[in-house]
Amino acid sequence: MRINNTLLFVFFFLTQIAFGQNSNEKEILGKITADSVEGINVFNSRSQRGTVSDRDGFFSLFIKEGDILVFSAVNLVTLRKKVTKGDFLSNRIAIQMTTQSIPLKEIIVNESSKITAENLGIIPYGQKKYSPAERKLYTATSGGGIDGLLNTISGRKAMLKKEIVVERKENSLSRLEVLFENKYYTETLKIPSDYIRGFQYYCIEDPPFADALSTKNKTLTMFLIVSLAENYNKTIENEK
């Protein structure tokens, strides 16, 4: 009986500690209103916890009074909401989000066209397509024998590989330059105008973003650039 009482006391003590630590935090229900409400990211910047809204725009999250909630989604303007005492006491939060108008310069004409070099019989089906830098490397290494050995010894092979990396980054930068106008960087992403070029280089160094850009996945590109902008702004703010 004494052991049972001891265990009961320990359980009660630990429960009180846990309750005291989270007594100012509770789960609330939120409702988002927007053109498209499903899959909107909801992030509590204090607790570093997040969730996503359902198809009706509802979400639930543990919060404290004074927490900053960040709402973000592709094609929606990112919104920050400070939890007020009224929000906390009512156990409900209503959020109104607006559609983000993103000026895209890139235009694809006749995207479903089946006319290709392969269909026209210019090159065989399945043949690898090389960029100029890749073509140089292939020429320098495909011969084998003494030529390939000399290219390796002289460092030409390593130089050509670096040239391919530079070429790919230049291509990514060119795609990014025509995808968004400067107004989008300064007004939507809050990037200072003097830092736009640096932010573009910052983006193309991010592997997931570079892959989305190279595959012309606009939806993923627009989603990733929002979080990259937030991280970049924090970096330049710390440098001031």
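The values are calculated or read from the model by the stated rules, or taken from the named source; none is laboratory data. For clarity, every value in this text was computed on a predicted model and none was experimentally measured. Note that each Cβ is placed from the backbone with ideal geometry, even for glycine, and that neighbours are counted across all protein chains shown.
With respect to ILE236, determine if the residue is more than 13 Å from SER172 (Cα to Cα) and touching a residue at least 24 places away in the same chain (Cβ under 8 Å). First the steps, then the outcome.
Working: more than 13 Å from SER172 (Cα to Cα): yes; touching a residue at least 24 places away in the same chain (Cβ under 8 Å): yes.
The answer is yes for ILE236.
What are the residue pairs meeting all of these: first residue in region 185-206, first residue closer than 17 Å to ASN171 by Cβ, second residue among the basic types (Lys, Arg) and surrounded by 13 or more Cβ atoms within 10 Å (Cβ to Cβ), Cβ atoms under 7 Å, and 6 or more apart or on different chains?
ILE204/LYS169
When the residues of region 177-220 are filtered to those that are basic (Lys, Arg) and either at pLDDT 90 or above or assigned to a helix (DSSP H, G or I) (or both), which remaining residue is nearest to VAL77 (Cα to Cα)?
Going through region 177-220, the residues basic (Lys, Arg) turn out to be 183, 190, 197, 216, 218.
Narrowing further to those that are either at pLDDT 90 or above or assigned to a helix (DSSP H, G or I) (or both): 183, 190, 197, 218.
On the way: LYS183: 14, LYS190: 12, ARG197: 22, LYS218: 16 Å.
My answer is LYS190.
Name the residues in region 59-76 that are of a type in the set (Phe, Trp, Tyr) and either touching a Leu at 6+ places or on another chain (Cβ under 9 Å) or farther than 16 Å from GLN48 by Cβ (or both), would you? Spell out how you get there, then give the answer.
Within region 59-76, the first condition is being of a type in the set (Phe, Trp, Tyr), and the residues that meet it are 59, 62, 71.
The answer is PHE59, PHE71.
List every residue pair whose Cβ atoms lie under 7 Å apart, where the two residues are 6 or more positions apart in sequence or sit on different chains, the first residue falls within region 37-57 and is at positive phi, and the second residue, located anywhere, is assigned to a strand (DSSP E or B) and crowded, with 18+ Cβ neighbours inside 10 Å.
Once the first residue is at positive phi and sits in region 37-57, its partners that are assigned to a strand (DSSP E or B) and crowded, with 18+ Cβ neighbours inside 10 Å give GLY39/ALA73; GLY57/ILE32.
Search region 61-82 for residues being over 16 Å from the mean Cα position of the chain (by Cα), surrounded by 15 or more Cβ atoms within 10 Å (Cβ to Cβ) and in contact (Cβ under 8 Å) with a residue 24 or more places away in the chain, and hand back the single one that is farthest from GLU25 (Cα to Cα).
Per the stated criteria, the residue is LEU69.
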